[in-house]
Amino acid sequence: MSIMHCSLLSLGCAFGFASTSDKTSLSALRAFKIAQRRLRPEVRAKLLSVSSSRTDGSLAPEAWRFVFLDLATSGNCRVVTVAAKTSSEHPDTVEAFSSAKTEGESSNHAIAQNKWMLDSDQALAVARGTSKLKGVRSAEYRLVQPRNGHEPLWTLYFYAEAPEAVARFQITAKTGAVKILANGE
């Protein structure tokens, strides 16, 4: 099953609203808790992937996309989007993910949630500690479970002016071990 086979009929939207006085960003784990409330109990533990839309200069995502295995849907998965800003229309949030790259086969394995210890903001801090990230204007985040059954992996893509990523990092979601990815990897 490919993530791309998820049908529009299996699309579910959940919007978590952060007040303007709330100075914390919408981290992946915080958004995940909101997304889980929209699902049946048997689907909640079957998280296949987590991704963000491209961010602004703060590098903190304002929306997260969660894909859960749900065999009761026509596409065998349920997509839940959680956004930090209120919106009366949902298409803007959903369309923000249309530019996301196709997720690989590794996303077919459920993420071991007991091994997801490192949140998105912590992964960003680890990447910033590894490299200066000069000229970076936006970022994308992805979390998947590799086939080998080890820790889930965050992959962070950083962008400057060009549409191609200028830096990519792979960070384990349990221990925070970092690997700088070369272009084409």
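Since every read-out is calculated from the coordinates, none of them should be taken as a lab result. Keep in mind that what you see is a predicted model, and the values were worked out from it rather than measured.
The table below lists the values:
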| read-out | value |
| --- | --- |
| 3J(HN,Hα) from dihedral phi, region 139-145, Karplus parametrisation 6.51/-1.76/1.60, rounded to Hz, x for glycine, proline | 8, 10, 10, 9, 10, 9, 9 |
| Alpha-carbon Rg/Rh ratio, for region 136-180, with Rh computed the Kirkwood way | 1.05 |
